[in-house]
Amino acid sequence: MTLDDIAQEIRAHRASGCGFEPCETCTNMVPGAGGSGARVVVVGEAPGAREDASGLPFVGASGKLLDGLLAEAGLERDAVFITNVFKARPPGNRDPRADEIAHHRPWLQAQLALIEPELIVPLGRHALKHFAPGAQIAEVHGTRVGERLFPLYHPAAALHNPRLRETLLGDARALRAALRADDPPSTG
Ligand code: URA
C-alpha cells in the first residue's frame, strides 16, 4: 500500500453511506499532502472551508502561517507530510467528535506507518490528544515529548494573537534544533 492508495481510499469514502455526518456533507475529503520520504508529519485537527473546497490541507490563513513556521524550522514543504486527525470538514466548522476521529483513525495510522517520520508535530490540543491523551498543550508545546512527538500550538490560535505567534516562531526554532540534533554528525 502506498500513500496514494491511502489517499484514493480516503477520497472514495465521501458519501459512502458510513452514517457520519461530515463524510456525507463535505465537498472533498482531505487526505493530506507530501511524500513518503518526509522527515516530519504535521497533524492538524480537521479541514476548514478552503481545504474542503480544494481537497488540500492548510491552504487558508492558518496554512500561510504554517508555511512561515516550517520555513523557520528549516523545513521545505517536501520534507513534510501535512494532514489532519480528521479528514472531512465538520459542518459549520465545529470540532470533530471523538467517535468521528476514531472513525478516521486507521488512515492516520496507515500514513504514519508508511512514512515512519523522525518527528510527528501535532498542532493544538485536539491533535495532541490523539497522540498523548494526558498532555496539556500549554505545558508541552515546543518540546520533544517521548521518542518522536513535538507539539506546537495550532496556527489558527495565533492568527489574532501576536504574542502566541511569537511563541510559535520560537517553538519552530526549537523544532529546527531538535531536527539538527537528529542529523548524523558530518564527517570530513
Ligand atoms: N486547520 C486544520 O486543523 N487543518 C487544516 O487543514 C486547515 C486548518
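With q set to 0.10, 0.14 Å⁻¹, the log10 of I(q)/I(0) for the chain, from the Debye formula over equal scatterers at the Cα positions, is -0.37, -0.74. Within the accessible surface of the chain, defined with a 1.4 Å probe on protein heavy atoms only, the carbon and sulfur portion equals 50 percent.
The GluC sites (Glu not before Pro) of region 85-156 meeting both criteria, a DSSP state outside H, G, I, E and B (loop) and at most 14 other C-beta atoms within 10 angstrom of the site's C-beta, are Glu147.
Residue-wise HN-Hα couplings along region 143-156, as the Karplus relation 6.51 cos²θ - 1.76 cosθ + 1.60 with θ = phi - 60° gives them from phi, are 10, 7, 10, x, 5, 8, 9, 9, x, 10, 4, 6, x, 4 Hz; Gly and Pro carry x. Would you mind counting up the charge near Ile115? Only other residues with Cβ under 14 Å from its Cβ, with Lys and Arg at +1 and Asp and Glu at -1. Net local charge, Ile115 excluded: -3.
How high is the relative contact order of the chain, given as a whole-number percent (alpha carbon pairs under 8 Å, six or more residues apart)?
On the way: 320 pairs, mean separation 42.4, N = 188.
Reported as a whole number, the value is 23 percent.
Taking the Cα centroid of region 75-95 and of region 131-168, what is the distance between the two, rounded to the nearest whole Å? If you average the Cα positions of each part, the centres end up 16 Å apart.
Given +1 on the Cβ of Lys and Arg, -1 on the Cβ of Asp and Glu, and no further charges, what dipole in debye does region 47-98 carry about its Cα centre, rounded to the nearest 20?
320
The values are calculated or read from the model by the stated rules, or taken from the named source; none is laboratory data. These numbers come from a predicted model, not from an experiment. Virtual Cβ from ideal backbone geometry, glycine too; neighbours counted across all protein chains shown. Please note that ligands, DNA and RNA were not included when accessible areas were found on the heavy atoms of the full protein model with its side chains. Shrake-Rupley method; radii C 1.70, N 1.55, O 1.52, S 1.80 Å.
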